[in-house]
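Engineer: My structure is below; once you've seen it, I'll send some questions.
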Amino acid sequence: MSSAVPSVESTVSRKVLVSTTTQLAAKVLHLLLNVVSTLAIVRHLAPGEYGVYVLVLTVTTIVGLVADFGLPKVAVREISAARTDENDVVGTIIALRLGLALAGIVVTQAVLLVMRQPPGTLAAAAVASLVFLSEAVLAAVVVCFQVRLVQQLEAFVRTGAEVLETAAILALVAVNAGVAWLCLPPAVGSALGAVVAYGLARGYGLQARFSRGLVRMLMRESLPIAPALLLAVLYRKLDSLTLAVMRPSREVGLYGSAAQPVEYYFLTTALFINVMFPLLSRAYGQQERARFLDLYRRGGEALLAVTAIVPVVLVFAAGPMVRQVYGSGYARAAVPLVLLSVAMVFLVLAVWQSLALLVGGCQRITLHYNALALVVAPVLCVGLISRFGLVGAGSAAVGIAVFVTAASAYCVRRHLGIGLEVRGLSRVLTAAAVALLISGSVTWLHVSGGMFAPWPLVMILALVTYVAALFVLRVPHALREVLA
């Protein structure tokens, strides 16, 4: 019997390694494809038109995340703990999500009407909202991949959908399509992805069926998550929304051009979270407190490491990079780009803290600090945007993110009795400081005329130095130890 335990642990470790490696490759490709599509759209649309595109994406993103209702995460928790039949859970979530998606389409139009947007913007939003329906099915079906630690299948499906979406966007740009048409490819790609994912899930025995008896339980468990998601998305997007209300659409477009790549990278952190969350849930459900604590701490350190790399490589290269890649008309987006990358680091840590609270059955707590954040956010946004414009919006995003991270860390310590390890976080921050010192010195030499160092070289130098410092400080080794 004793030999079976190492065998099971070894199997889990292999699954995690394969899943994470595959998802990492998929997310890198996903990021590259998004960069290609974003650059194509930015160069195709004038800043004013791009401002409309950003507004549509912002509103649909907010409504779409709320329509998620936290149901997939609840499903992972319930199935991982073997408390509920998988087929019943997935089928019921599909039905609930489709209903929420229809409501989301209506809400999107209502929000834009309140903002007094023209018919063209409403039409573009209606097209963009179609993704709610396909994502309702796809997000529910991939739950069966997550609980089996075979997220590489989800990565395959979503990458295929992304390739199709990017190809469609490039084709539409080539024929000079308008904003509404550019909002269609994500819905088409997601719909085809849902069909493929369901076919793969059936190979694992999935036979989704609706269970009326699960509706109340799933809604009850996810109900605290849904308002928390709404509040979290609102304070995350309030900088863009406030800018859209207070400043011309050109500035919204400039800010959106900075926010888009950061948002894409923010979403790539889901690959690690989706792997670690079932393990975290399993450790807590089996009352393995020591392993739960290790997973929580090393997970936080890993997320800090993979997100801190973005501001590290951008601090000294953002200005010339934006001018060359986006064009001189978008030069003012450089400072917001750096500020938003800093905000992303804190937001990812806040997400990790909220998932720890969810695993511990304290999901209602997130509602409290998210509500408080929504009180702080408007004050920061209005005050800073009215005075500093684009830079004020980015500064407000950083302030909001810092507040939420601090509040979530306090709640985790108070209600779960745990916290991230200062020593582990310090190692990551030390690596970042070393990289900034080296890249900053090279940039200074370049500006003073003592050394030729164009922005791509500065970015590569910062990246290589940062990764090398992480290995010297044994940050990857600490994560491998806890997964072994």
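Engineer: Which ones in the range 86-112 are of a type in the set (Gly, Ala, Ser) and either modelled with pLDDT under 90 or more than 25 Å from the chain's Cα centre (by Cα) (or both)?
Structural biologist: Matches in the range 86-112: Gly91, Ala110.
Engineer: Among the residues of the range 109-141 satisfying the criterion of being among the β-branched types (Val, Ile, Thr) and touching a residue at least 60 places away in the same chain (Cβ under 8 Å), which is nearest to Val89 (Cα to Cα)?
Structural biologist: Within the range 109-141, the match that is nearest to Val89 (Cα to Cα) is Val141.
Engineer: Just checking, which of Val252, Val233, Val245, Val175 is among the β-branched types (Val, Ile, Thr) and more than 29 Å from Ala318 (Cα to Cα)?
Structural biologist: Among Val252, Val233, Val245, Val175, only Val175 is among the β-branched types (Val, Ile, Thr) and more than 29 Å from Ala318 (Cα to Cα).
Engineer: Related question: Is one or more of the residues making up the range 395-418 at pLDDT 95 or above and more than 30 Å from Leu223 (Cα to Cα)?
Structural biologist: yes
Engineer: So, one more: Name the single residue, out of those in the range 123-161 being under 19 Å from Ala75 (Cα atoms) and of a type in the set (D, E, K, R), that is farthest from the chain's Cα centre (by Cα).
Structural biologist: Here the residue is Arg148.
Engineer: If only one of Phe346, Phe388, Phe316 is touching a Ser or Thr at 6+ places or on another chain (Cβ under 8 Å), surrounded by fewer than 16 Cβ atoms within 10 Å (Cβ to Cβ) and among the aromatic types (Phe, Trp, Tyr), which one is it?
Structural biologist: Phe388
Engineer: With respect to Ile438, determine if the residue is among the hydrophobic types (A, V, I, L, M, F, W, C), closer than 22 Å to Asp239 by Cα and either surrounded by fewer than 16 Cβ atoms within 10 Å (Cβ to Cβ) or over 22 Å from the mean Cα position of the chain (by Cα) (or both).
Structural biologist: No.
Engineer: Also: Hey, which of the helices (runs of 4 or more DSSP H) in the range 113-169, taking only ones fully inside, have at least 3 residues that are aliphatic (A, V, I, L, M) and modelled with pLDDT under 90?
Structural biologist: Where helices (runs of 4 or more DSSP H) fall fully within the range 113-169 and carry at least 3 residues being aliphatic (A, V, I, L, M) and modelled with pLDDT under 90, they are 131-141.
Engineer: For the subset of the range 271-313 comprising residues that are of a type in the set (S, T, N, Q) and surrounded by 21 or more Cβ atoms within 10 Å (Cβ to Cβ), which member is nearest to Leu470 (Cα to Cα)?
Structural biologist: Thr307
Engineer: Pull out all pairs, ordered by first then second residue, where Cβ-Cβ is under 8 Å, the residues are six or more apart or on different chains, the first lies in the range 466-477 and is at positive phi, and the second is surrounded by 13 or more Cβ atoms within 10 Å (Cβ to Cβ) and in a helix (DSSP H, G or I).
Structural biologist: Arg474/Arg427
Engineer: Continuing with the same structure: Being in contact with a helix residue (DSSP H, G or I) (Cβ under 9 Å, 6 or more places away or on another chain) and within 30 Å of Ile365 (Cα to Cα): is that true of Thr405 here?
Structural biologist: In short, yes.
Engineer: Report yes if some residue within the range 315-329 is under 17 Å from Met459 (Cα atoms) and charged (D, E, K, R); otherwise report no.
Structural biologist: Yes: the range 315-329 contains one or more residues that are under 17 Å from Met459 (Cα atoms) and charged (D, E, K, R).
Engineer: Restricting the range 70-85 to residues that are surrounded by fewer than 24 Cβ atoms within 10 Å (Cβ to Cβ) and among the hydrophobic types (A, V, I, L, M, F, W, C), which is modelled with the lowest pLDDT?
Structural biologist: The extreme case among them is Ala82.
Engineer: Also, quick follow-up: Of all residues in the range 176-202, which are in a helix (DSSP H, G or I) and not hydrophobic (A, V, I, L, M, F, W, C)?
Structural biologist: Result: Pro185, Pro186, Gly189, Ser190, Gly193, Tyr198, Gly199, Arg202.
Engineer: So is Val173 in a helix (DSSP H, G or I) and either at positive phi or modelled with pLDDT of 90 or more (or both) or not?
Structural biologist: Yes, satisfied.
Engineer: Condition test on Ala333, is it under 26 Å from Arg291 (Cβ atoms) and either in contact (Cβ under 8 Å) with a residue 24 or more places away in the chain or in contact with a Phe, Trp or Tyr (Cβ under 6 Å, 6 or more places away or on another chain) (or both)?
Structural biologist: No.
Engineer: Check Glu49, Glu9 and return the single one that is at pLDDT 85 or above, of a type outside the set (Val, Ile, Thr) and farther than 17 Å from Asn274 by Cβ.
Structural biologist: Glu49
Engineer: Another question about this same structure. What's the total number of residues in the range 310-324 that are at pLDDT below 90 and either within 23 Å of the chain's Cα centre (by Cα) or under 15 Å from Ala259 (Cβ atoms) (or both)?
Structural biologist: 0
Residue by residue, here is whether (1) touching a residue at least 24 places away in the same chain (Cβ under 8 Å); (2) among the aromatic types (Phe, Trp, Tyr); (3) surrounded by fewer than 19 Cβ atoms within 10 Å (Cβ to Cβ); (4) under 30 Å from Leu254 (Cα atoms) holds:
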| site | (1), (2), (3), (4) |
| --- | --- |
| Ala377 | yes, no, no, yes |
| Leu380 | no, no, no, yes |
| Ser408 | yes, no, no, no |
| Ala431 | yes, no, no, no |
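The values are calculated or read from the model by the stated rules, or taken from the named source; none is laboratory data. Nothing here was measured: the structure is a model prediction, and the numbers come from that model. Don't worry about glycine lacking a Cβ; one is built from the backbone with ideal geometry, like all the others, and counts go over all protein chains shown.
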